[in-house]
Each structure stands twice: as structure tokens, then as C-alpha cells.
Amino acid sequence: MAGLATTFGSGAMTNSISDIGGARCILAIGTNTTEAHPVIGFGVKSAVRKGTKLIVANPRYIELCQFADIWLRHRPGSDVALLMGIMRVIVDEGLLDRAFIEERCENFDALEQSLTGFDMDFVERTTGVLGEQIAEAARMYATNSPAAILYSMGITQHSHGTDNVMAVANLAMLTGNVGKPSAGVNPLRGHNNVQGACDMGALPDVYPGYQRVADPQARAKFEAAWGCKLDPSPGLTLTELFGAARRGEVKAVYLVGENPVLTDPDARHVREALESLEFLAVQDVFLTETARLADVVLPGVSFAEKDGTFTNTERRVQRVRKAIEPVGSSRPDWRLTCDIARKMGGRGFDFSHPRQIMDEVASLTPSYGGISHDRLEAGGLQWPCPNKEHPGTSILHTERFTRGKGRFVPLEYKPPAETADENYPLLLTTGRSQYHFHATLTRKVSGLNALKPEELVEVNPVDALMLGISEGDRVRVTSRRGEVTARAMVTDASPAGVVSMTFHFSESPANLLTNPSLDPVAKIPELKVCAVRVEKIA
Amino acid sequence: MDAITLTIDGAAVTVRRGATVLEAAQQAGIYIPTLCSDHDLEPYGGCRLCIVEIEKMAGLPTACTTPATSGMVVRTATPAVNEARRDIVALLLADYPDDCPACTGDDRCDFHQVVAYLGLDEQPFRRLHRSIPIDSSNPFFERDLDYCIACGKCVRTCDEVVNVDAIEMASRGYTILPSAFGGKPIVQSNCISCGECVVRCPTAALMPKERRLPAQEVKTTCPYCGVGCQIYLGVSDGQVISVRGDRDNDVNRGLLCVKGRFGVAGYVNHPERLTLPLVRKDGALRETTWDEALEMVAGRLAGFGKGEVAVISSAKCTNEDNYVIQKFARTVLGTNNIDHCARL
Amino acid sequence: MGKLTGLLKRRGAPETHTVLVCQGTGCQSSKSDQIQAALQQEIVQLGLSDRVKVKSTGCHGFCQRGPTLIIEPDGIFYTRVKAQDVPEIARCHLDDGQIIDRLLYQHPGTLEAVSHYHDIPFYKKQQRLIMRNCGQINPEDIQDYLDTGGYQALRNVLSGMTPEQVIAEIRRSGLRGRGGAGFPTGQKWQFCRDSAAPQKFVICNADEGDPGAFMDRGIMEGDPYTILEGFTIAAYAIGASQGYIYVRAEYPLAIKRLRIALKQAREHGFVGDHILDSDFSFDVTIKEGAGAFVCGEETALMASIEGKRGMPRARPPFPAQSGLWGQPTNINNVKTLASIPVILTRGAEWYSSIGTETSKGTAVFALTGKIANSGLVEVPMGTALRQIIYDIGGGVPGGKSFKAAQTGGPSGGCLPADFLDLPVDYESLTQAGSIMGSGGLVIMDEATCMVDIARYFLSFTQHESCGKCVPCRVGTKQMLEILKDITTGKGRAGDIDLLVRLGNSIKVGSLCGLGRTAPNPALTSIRYFRDEYDAHIRDHRCPAGVCQELA
């Protein structure tokens, strides 16, 4: 997000789901689309069927590889080198869109300068991909316009994730693939409402609509609207927060609808952090691993029991409608929070229906200015939608970038925070299964558990041979932070030297292993690479 | 738009060039029976029920495979057409079991609707019987091939829409049937359980294991990933019992994955759902009243300094929830220590 | 047997002989390859190598009498030759000039031995255009083909005719597709020519699947060159640069000879880049089909070439608009393509003088069943059935009487004796309720039960139905069940009308030609032999005594 905000001025998906199919070339990097976003996966495969070229860049053999024209199997964490290598070929062979760069972008010279550090020898050595294959991919992407880039957590969840994102943005700008149909840079968001939670200002540094808390004008606007003084300094990010809690600086947490004990990296430390709090209130639909640590647990409702809106990955605000009454005496989250706020003397929490909340959002958030529950009855609206007459925006940056000119960012290659060594000779990467979503909800669905009942650690046959591991053996995976056990699946889907797990199973919680090492800008942890060792359990 | 005009049953119909006669008729609201066509699938022409008469064309061409052309004159329900259609339906019914679990007597079943439309009043053909074991290996749906009319929709959906090819048409002639590779149970194939085939099956051959029909449906947004598929939640007796993809939106156009289609009711209705507030007393969480629980949260949170509290919100919650939560953190708790799992 | 011993004309001077040994699939199955090897050996031993040449040929057509060999230039025709006859042939005939009576063909009527190939009624009454080289040339030696004027048509085309002129000439000839439907070939080419696309394809349909039919096999084995030449001309005419010959894998010898012919054509510059130094380039791929009957249907055939399941699809769009991989495609049968070179060398006018008003040229039949001389037969269109069955085929053997002739393969109709004088052409056969098909001609005698025959053919088409469309998949199954009931004494009153109604529904409702013709055997046998059905159903009696359960 921070990467796209720097280069384009907005961190969201530039284009729409429905226009991916029109691309003449799709570059899918760091996204296992068919598992993590199956319905978009259907669309990608259908596009290929109709003639769209597909380049997949992924260390693992994923389903999309069988549809790909080119599969770049780069080493985990070498995305910047790979993308810069591609850009180097495009520049060297004159396949760049000079008019677009001239007219719409700035700082190209700096990028070009930084490309000198990415000669093909270096790129081959760093990524493990043959130069000719990289060149072929570069030509395919540059000469089949419009070309769309899809990416997901395989790009962002790295200690240099912001660099990865900026590399992707550089590539799109270099070829003029921004601001037009079926092109663009399209981060596929994980949760149903990640986009919305960010839009709504559930972030430590911005108010709704990415208005910065540090910006005096923005702060004054919200102080006036909310009728109180506001703290001018940004707060702690989630991952920083756990550190602060362990140090005793943060003493109380009010936590809604999350289960960080399973989903956050270095889960052992997360648990210690929550246990060291003086007070923890958790609001959720199930008694999660996290809720079990709480002093108070407030039963919230599921999406089927409340009204409201979600904003999907393509910035489309869509209605959530109450279908059944709340289970037991559970209550919608917005209501619980309002109740607590009022009990604490808060003002401005007298909402009787979520539509009133959205009206307040619209009044304070320019990009949501034209959005109301009434309008959404006719179908979703993509922000920016600044006023009641505005039809919404399916493609960003068509005339100009949100920030004015698209800014090329020079980059250098940084290795992952952890690399394989003598004690931890393998790299672990994590991913999703289409049968589960994170670790709480789907594990309650018996049919999904029947289809994907347990964690399977993917081990390459070469590594399996060396480690004496056979299909189905129980193995222990150990990192500097913890250990988990699970059964092994011997497959060359993962390259030699790399093992892969999901993070859906509390029985084998992969996040006990993962590295909380943060990207310095976006504060995203490096979930996609950490060093481990794997042993067969006798 | 490049458009052409043709005449269907005496009415002028204007459609985009490239549309089939069936699409033109459907656009004009003229019903033509069909069991093998689907707007997501390539024209197939297998069930032969959409045969029509077209001037200057020999025989009875199928509307689903015939491109509409300018000036074409189509008649959709002549005696000859309907007679041939009735024989086709009679042929299908001749080995279709009498006790159909899908039959609700209404027009929800495509096959039932076609039979009702044609008004079949005799069964001239020999009664044939099939007896193929039911495949109930998938946790969410089962397949009873005694009801299969070999329209190929499931196989084509798996190929053309899902691109997984878990099933194929095996054998030929009268014995042709959809089959997973090697005739093995479907759960042992590379089926991804998305259920797109189940949705399209025009008979009771592919049925969800949840057979209840919803009393009402509520349109909403899938709670799982960031795609935001539009769905209809089916409700019966105050419970969510089914999920159906909404075809009329640009996000998912009716398509769903296994979680969205089959993985919602299971957690919404789960017996472990929290129904009462809990507070920790003597080290254990115990049920309590809302008043006590809310008072306790408000009271305890009020006792910390601004820098000492933090709020964790959720990417699963609505925009409205998130707005209120961050407003609470900023205006009541006075802190910007508010975040959620955007980065995970 | 009348004794006939003759001395050959030019006795004395050392005679130069060419022995044509049939190496068609039929004769090879009777070990004609061993006969040829033995003959070679014998000739060496007798020191005749310098004046006797032994040559393999493709099928002579008279498969009933195989293995056959012809000794040229005398034109002496030996039939049912065995390996033990070889020393005698070599010593008596080749060395000594003595004709061996007992190996000569014996006229079934007069019981007279016929020594010369051209005098045998089986050949005498035929007119061989498509099969003109079959049995005459060595099918594995392109020089033999060139010596008979082969590839002259292609030379003429590439040196002086535009594609439009080629198409015009074919249109003038009146040639119609020999695959069965009889669509005018020139017109079909024109459609494909008119489709604007950068890539077009031509396909040679050699997926002969009718039981008892082996016309295409005979031509591929006997003269693969003429097929390739016609194919290349077709590609030139429509503007295709790539062709596929789709042959069923059950024809290994045909495939082998096509491959040899293709290799030799490539070496001689008749196939490949810049053919005969022109701007025209064309290459051919031979595809082996897995042998599903329905793959003879052109859309199913194309699906099979594309690697998909061989299932037909509806037309339009026609292959000429959207065929193989969505590109304009022209598909012709083996016999159609084999007709092209001879039309272009001898002219459209000459060709159109053969045959009837609407059906020009010759027709090739595989004459089988209860017939004295079975084999491959080529006659002018319009020849009466009687002439084919009696003059060429030698009539029904065993003193039995003729009952019916089935034309058009398993989905053709069964025509009774009333139709013996029917001229065989597209229109007449269709009017009689049958089809030309690709050329099967099965003769049935009085001991044949027509209900049982209909049941047999329906079980074939039911088994070979691809299963895609309901009328064919389920309708033929119902017809088969009803026919089974009738032949086992379980027929019901009204079954005949039901079969007719169902048969007609299947004909109008089916997707492809297989379903649209599958009811023909039942419908025609009801039309012409209804009393036999009645006897089965009403009297529980099989007049021919075939149906066991009614005996």
C-alpha cells in the first residue's frame, strides 16, 4: 500500500476485476490466485483460454503455472531483482512507452540509473531464473498491451515489501500500463474488507479516506466534526503494538474480530504480549485462541446478522444485509462499540442504524462522499465517488495520477531478513488453501475440514530424500522462534530448499515460525520467507 | 454496437451481431425450452430441445447453436417442432426415475419446467432402468447418475468456466456419463468443490446435500476474501441454509468458490457461536449479563492513560463497524493506537 | 472344369514379364507377401532375373479371389494363389510360357476359365477412374506413378491456373463429395476460398469406419499418390498451407504407404515450401484416428485432430467458415480427392460426360455380403443395381435368391428386388429411402431376416453414437430395444408405427449425420418388408428362420 501510495498516490487496485479478462497479457506475481481468490482465478484462466498471455512469477508450482506461457520460478524474496531484470530488458530493447513516461511520470532518470545495478548476470544469480526466460517475459509483457499485473501477499509480506510494490509500479509505468482498461497494478486484498478497514481509518496514521493524522488541516477537520481534540502523532501498528505490550508500555487492548495468536507472525511472542496485558477485551463470534486470553469477551454477530458495507479489493463498496436475527444475545460490533463509547462519555455514538454511520463517513471522507446505503441498493459503487451524482471510478489514474505525476522509484536489491544457514537450512514460505480462510471461520465448517483436514508441509523430493522424509510422515518444522508439527507432503510444487505451509490450522500454527521482521515503511512482516529446519519425528 | 434484426414468432428482435437465435429469443422474452445451454458455456446443441424452424434453413436447427442473422425468420413453437420436442422429452423420461428428489412441483427444476411447458400426455417408449451407485464422496453434494440426462453441462462447466477438468464424459452411446478420472469417487479427483456444476445441473443428478429450500433469500456480500462476491443467503426457520451466486453483478457474475457456496452456513449456525458475554472470574471465563460486561470494559479502559491503550479492529468487520471503532479509539480513548490485520 | 492349355504368342524369344503381386490388406492377410518372396527366390534360382520383374501393387479390388497376381504384358490373372503354387508359376508360366489353368478365374455361371484380366466380368463391366492405378502401380514407388502421368495435373495447375480457374474447372466437372452427402465439391472449395483468414486448413477424411467398407483403404494402399496430388491441388485452390490426413489407426498399411508417398512427394518437391518452384507452399500431417465411427463426421473429426473428444457440433458455422482451430477448413473424402487429378488432366467436359444428369463421374463400392464376387467395384454413376450385383458381382451364390441390397453403410437403407433396376446415384437412392453413403454395398439373400438385420445395424449405430444428442443417444437405444423385443417374440401391436415415428423424430432431431441416418435400416426394412415385421409381432414367426426364439 505504501509502495503504491508513493508512486501513484493511491494504494488501491487501479483497475477492476471485470476488466482483467480483457488484458492481452497478465503478469501474476506473488499471488496464488486460484487458491486465495478463486473467483478471480476463474477469470484469469478463462482469459488465457481466450488468448491472453499469462506470465506467472512464483517460487512454487501453483495451479496457474499450468496455464502460463512463461513460469518464472524465482527464489523467495528475489522479486525486486526479477522485476528490475525485466525492466532492464525492456529499457535495453527499447520496449518502453516513452510518450507515457514523458507526459505522465517523473524521476525516470533515477530509475534508469538504478537499473545499471541489475545486469543479467546478477539477476540470474539472484533469482535463479535463466536470463533468456526473463527477457522473454519482459518482451511478452511489454509488447502485449494492455497488460495487467496481479499481485498479493507474495509481494507485500516481505521485509522489503514496499520495494517489491514499487518495482511492480515502476514496471507498469515503464510500459504505459496504468490508467487504461485491462491494464494496471492490481493488489488482490486478502480479507473481505481489508480495503474498507483501511479506507475507514482503522490505521494508526490516517483518518478515514487516508487523511493523515499528522496533517494539521485534516486533524482540524475531524476535531471540528467529532467535537474533541485529537492526538497529532501516529499510533502503533499491530506488530509494533505487541512489542510495546511485552515491554509493558501498552497495558490494555480492545480487540475486535481478530485472532492474532494464530494469524500473526511469531505467534509465541504475540501470545506473551497479550498475556502480559493488564486488561484485554475481545469481541468475536467464537471463543478464539485469542479470546481465551481475554478478561471480557463480547459476542459479536456474523455478517449474516448485520447491515453494513464491505469494500472489496477493487474499491467497490457493497451492501451487507441482515438475513437472520443475531444468534443468542449477540450484538453487532458497531453497536457494542457505541455502547462502550457512550458509557465512557463519548459523544457522537448515537447511531440507530449503520446507514447513519455511512452518512457520517460520506460527510468526512471525500472518496466516499457520494456513497449511501440507499444508492448501494442499485449495486456496488467504486470509490472515488465524491458526490451523489458520481457513478464511481472503475479505473484510477486515467487522466493523471492521484499524486499528479507517477513517480519512478530507484531500487536496489535487499535479501530477505533471514536466509538459510547451517542451523536452519531451508526457507519456509506460507500460503493459503482455497478450502480455508485464515483459521477461525472455515475450521468450523465440517465439509471444508473434510476436504482439507490438516496442515501438510510441502517438501521437495530432493530435500525429502536428504532428510529421510516420506509422504505422510510427521515432521517437526523449527525456526528461531518456535516449532510446529504436521504431516509432510513430498512434492516438487515447492522448489528444493523451500518448504511451504498454510496458516489455517491451530494444530500446526505456522505463525509460530514466521518472522515478524518488518518492512520499514509499510510495517508488514516477512511472512513469506523465514529460515527453518525440518526433521522427521520418529 | 453492431446490431442485426431478425423476426421471431412474428416479432422483430434486434440483437448484437454474434448472438445466437436462442439468445435473441431470450432477449425478446420468448421461451424456448433447453436443458444443455447456459450463458457461461459455449453453445452445445446436445439436448435438441431448442430446435426451431428457420426459413431457408433445412431441417430443424437448434436455436442455441445457430447464429442470428439479419432478416432471419424464426418460428419457435410450430406443431412439427413441438412434436419432435415431445418425443425428445419422452425419450429422456423413459429412463428417468419416477421419484425425483428435486421435484418440488414448481419450475425451479429445468427439466420439470420443460416437461410442464411441452405438456407431455403419453409415454410411448419402453421403460428402461439404470442403477448406478450414488457418489456421495463430496461433503457438500452428491451425484446420482440415474437422473443424469448427459447434457454435459457439468463437464463443460468444469472445463470452460472453472478450467479444472475434474470430470469428463466417459464411454459413448447410451452409456455415456460424466465421470471423474478413472471412474473414481469424485472427491479423489482434482475437483475443487466449487459447486458450479451442481448449480447448472438441470436435473437431480447433482444435488447439494442440503436439500431444504429457502423460504426467502437475502442479497449480501460474501464474508471471505477480498473479491467481494455477491451472494443470496437462503434463509429457512431463521437459519442460513443456502448460498447462491448473484449473476447480475460485475464482480463474480454468479460464480463462487467452495467457501462462499458451501462454507457459510456451517459457521454462522455453528453450535459454538458465542451467545452470552463472558467475564474472567477466578481465572476462568464465565457467562454474564450485557450490563456487567459492557460496564467492565468501559470501566477498565477508562483506567488507563492514552498511550497505554490500543484498539485492534478487523478486516472482517463492516466499514460501519470499523469507522465506529476507530472513532472510539481516537475520540474516547484519545489514541491513534488503532490498527487491524491489513498487512496479514 | 474344362481343360484349357495355351501357349503364349511370342514363344521362343526370351519373354520379358512383369508380375504384379497384390499387396493389399486383403491379399496380405492370405500371405501374398510370402508368395511374392517365394516368387523372387524362385526366379533367381531359375536364372530369370534379367527378364522377369516382380512388382508389389495395391488392391486389385477382387478381394474375394485373393491372393491375386497378374502377369503382364499378357494380362493373365491368377486367383487364390498359394505359396505352393509359386514353383509352378515360375517354371511353367514365366520360364515356359504355359498358362496354369487351375489358377485361372472360373466364370461362376458358365464354369469357363477366363485367362485375361480384362475379360473377367468383374473387371470388364467396371470403369476405373478413381482406382485407375490401383493394382497397376507399385504404391511405394513414386516413379511408377510419374510414369503413368502422375503429378501432371499439379504441374498444369501451378504453372498456369489461378485458384479460381481450378475451382471453376471442378465446378464444371460436376464432381460431388464422395463422403456420402454429395455436396458439389467446387462449391465447397469456393466457400472456403471466399473466407478471408490468414490461415486455412484442408483435411482429407480417411476415417473409413463402416463395417465391410474398404474403398478408401484400397485406394490409399493402391495409389496414395493420386490422393496426395488431389489434396495439394485442393489446398492450392482454397489457399491452405497446411493439411491433415485423418486415417484410422486400424489401417496400418494405408498409413505406411501414405507416409512413404508423402516422403517421396516431399523429395520431389510436390509437397513443402515453394512447390515446383511456385509461390505455393503446403505441408501435410498424417493424423491417426482412434477409430471411433463418429469421427468420420467432419466436425467430430476436427475436434479429434484438435485433441478433443471426437464429438460433432452443430453447423452453422460450417467448417468453411470456422473449422479446425476456428479457421476456415475444407474437408474432402479420399475418393473425392483421388478424382481431382484425373479431372484436371482429362478435362471437366470429359468427366461430366460420365454418369447421370445430376451425379457425375464414377462411384466406388465395396461389394460384400451374399455375393459371388465380393470386392472393390468402380462404375459410372447411374449404373443399375442389377448390373453391379449380377454382371460384376456374379449374383447371389449357393442357388439362393436375392432379397435386399443395403447401400450406404450401417445407416443406409435396405432395398428389395423391386429396386434392382434403380440407377445408383445420389438422388435415386435418397428417394428410395437409402443413401449413397461412402460406398458400402451389402447383398442379402433369402435367408436373411430383415428385422434381425435392422436390429444388427441399430446395435452398431447405438454403440457408435457419440452420446452427445438425445435423439441419437436415447432414440437409437429405444429403437434397438423395440427391435430386440420383436426378434425375441416380445413385440407389441403398434411397435411398427412406434418405430416409424421414433425413426422420423431421430432423423429430424439429431445433431449430425450419424443420427440423421441411423434409423434408415429400420425405416426402409419396414417400408419394403413390413410383412416380416408383422409375422414376428403377430404370428411370433420369423419367416427367414433366423430369430432363434421364434423358430
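Bear in mind these aren't lab numbers, they're just calculated from the coordinates by the rules spelled out. As the structure is a computational prediction, the values presented were derived from the model and not from experiment. Positions of Cβ are backbone-derived with ideal geometry, glycine not excepted, and every protein chain shown enters the neighbour counts.
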Problem - Pair residue C:308, residue C:484: separation of 7 Å Cα→Cβ label points (nm) - result: 3.2 nm
Practice task
Please turn the phi angles of the stretch A:175-185 into ³J(HN,Hα) values with the Karplus equation 6.51 cos²θ - 1.76 cosθ + 1.60 (θ = phi - 60°), one per residue in order, whole Hz, x for glycine and proline.
Solution key: 10, x, 9, 9, x, 9, x, 6, 10, x, 10
Exercise for the section: Would you kindly give the portion of the calculated P(r) for chain C that falls above 38 Å, as a percent of all Cα pairs? Expected result: 32 percent
Problem - Table column - 3J(HN,Hα) (Hz), the stretch A:525-538, Karplus curve with 6.51, -1.76, 1.60, x for Gly and Pro - result: x, 8, 6, 8, 9, 8, 8, 9, 10, 10, 10, 6, 8, 5
Handout entry: Label-point separation, residue B:55 to residue C:162 (7 Å along Cα→Cβ), nm
Key = 3.6 nm
Handout entry: log10 of Debye I(q)/I(0), alpha-carbon scatterers only, for the protein assembly as shown at 0.04, 0.05 Å⁻¹
Key = -0.35, -0.52
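Which whole-number percent gives the relative contact order of the stretch A:262-301, counting Cα pairs below 8 Å spaced six or more residues apart? Display every interim value, and only then the final one.
On the way: 39 pairs, mean separation 14.1, N = 40.
Relative contact order for the stretch A:262-301 comes out at 35 percent.
May I ask you to compute the full-extension gain from residue B:181 to residue B:83, defined as 0.36 nm times their residue separation minus their alpha-carbon distance, rounded to one decimal in nm? Working shown, then result.
Details: separation 98, 0.36 × 98 = 35.28 nm, distance 3.82 nm.
Using 0.36 nm per residue and subtracting the Cα-Cα distance, I get 31.5 nm.
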Fill in the blank from the handout: Per the 1/(1 + (r/R0)^6) rule, R0 = 35 Å and r from the Cβ atoms of residue A:476 and residue A:223, FRET efficiency to 0.05 is 0.05
Completion exercise
Amide H contacts under 5 Å for residue B:170, restricted to residues at least 5 apart in sequence or on another chain and with H modeled in the peptide plane, are B:177, B:179
Exercise for the section: Using R₀ = 56 Å, calculate the FRET efficiency as 1/(1 + (r/R₀)^6) where r is the Cβ-Cβ separation of residue C:41 and residue B:127; round to 0.05. Expected result: 0.25
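Quick check: net charge around residue A:447, other residues with Cβ under 11 Å of its Cβ, Lys/Arg +1 and Asp/Glu -1?
Numbers: positive: A:444, A:452, B:209, B:259, B:261; negative: B:210.
Residues near residue A:447 contribute +4 overall.
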Fill in the blank from the handout: Excluding residues fewer than 8 positions from residue C:263 in its own chain, the lysines with Cα under 22 Å of it are C:55, C:287, C:335
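Could you work out the relative contact order of chain C? I mean the mean sequence separation of Cα pairs under 8 Å and 6+ apart, divided by the number of residues, in percent.
Details: 1170 pairs, mean separation 71.1, N = 551.
The normalised contact order for chain C reaches 13 percent.
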Exercise for the section: Calculate the length of the line joining the C-alpha centroid of the stretch A:126-163 to that of the stretch A:45-82, in whole Å. Expected result: 9 Å
Problem - Sorted by Cβ neighbour density within 10 Å, fewest at the top, the residues B:91, C:499 - result: C:499, B:91
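Helix-only estimate, please: 222 nm mean residue ellipticity of the protein assembly as shown, summing -39500 (n - 2.57) across DSSP H runs of length 4 or more and dividing by its residues, to the nearest 500. List each step's numbers first, then the result.
Details: 49 runs with 440 residues, N = 1433.
It comes out at -8500 deg cm²/dmol, rounded to the nearest 500.
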Fill in the blank from the handout: Quick calc, residue C:290 & residue C:400: beta-carbon distance into FRET formula, R0 41 Å, rounding 0.05, result 0.60
Practice task
Please turn the phi angles of the stretch A:205-214 into ³J(HN,Hα) values with the Karplus equation 6.51 cos²θ - 1.76 cosθ + 1.60 (θ = phi - 60°), one per residue in order, whole Hz, x for glycine and proline.
Solution key: 10, 9, 7, x, x, 6, 7, 6, 5, 7
Practice task
Per residue of A:31-43, count partner chain C-beta atoms within 10 Å of its C-beta, then hand back the mean as an integer.
Solution key: 6
Problem - Cut-off under 5 Å, modelled amide H: who pairs with residue C:53 long-range - result: C:17, C:18, C:19
Exercise for the section: Post the alpha-carbon centroid distance, the stretch B:1-48 to the stretch C:331-359, in whole angstrom. Expected result: 41 Å
Fill in the blank from the handout: Pairs over 30 Å Cα to Cα, from A:452/B:281; A:343/B:259; B:153/B:209; A:221/A:523, come to A:452/B:281; A:343/B:259
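What share of the DSSP beta bridges in the protein assembly as shown is antiparallel, in percent to the nearest 5? Before the final figure, lay out each step's value.
On the way: 93 of 165 bridges.
Of the beta bridges lying entirely in the protein assembly as shown, close to 55 percent run antiparallel.
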Problem - In range of the label at residue C:501: residues from the stretch B:58-101 whose backbone nitrogen is under 12 Å from the point 7 Å along Cα→Cβ - result: B:83-84, B:86-88, B:90-91
Practice task
May I ask you to derive the relative contact order of chain B, considering only C-alpha pairs under 8 Å and at least 6 residues apart, and to give it as an integer percent?
Solution key: 9 percent
Handout entry: Neighbour-count order for C:189, C:325, fewest beta carbons within 10 angstrom listed first
Key = C:325, C:189
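Order by neighbour count: C:255, A:537, fewest other Cβ atoms within 10 Å first, most last.
Final ranking by Cβ density, sparse to dense: A:537, C:255.
At a temperature of 20 °C and a viscosity of 1.002 mPa s, determine how fast the stretch C:450-550 diffuses translationally according to Stokes-Einstein, using the Kirkwood radius over alpha-carbon pairs as Rh; express D in µm²/s, rounded to the nearest whole number. Mind dumping the intermediate values first?
On the way: Rh = 13.2 Å.
Answer, rounded: 163 µm²/s.
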Handout entry: Cut-off under 5 Å, modelled amide H: who pairs with residue B:207 long-range
Key = B:142, B:144
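Once fully extended, how much extra length lies between residue A:399 and residue A:268, figured as 0.36 nm per residue of separation less the alpha-carbon to alpha-carbon distance? Kindly include the intermediate steps, with their values, before the conclusion.
On the way: separation 131, 0.36 × 131 = 47.16 nm, distance 4.83 nm.
Here the segment from residue A:399 to residue A:268 would lengthen by 42.3 nm.
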Problem - Spin-label pair residue C:110/residue C:146, simplified geometry with 7 Å Cα→Cβ offset, distance in nm - result: 4.3 nm
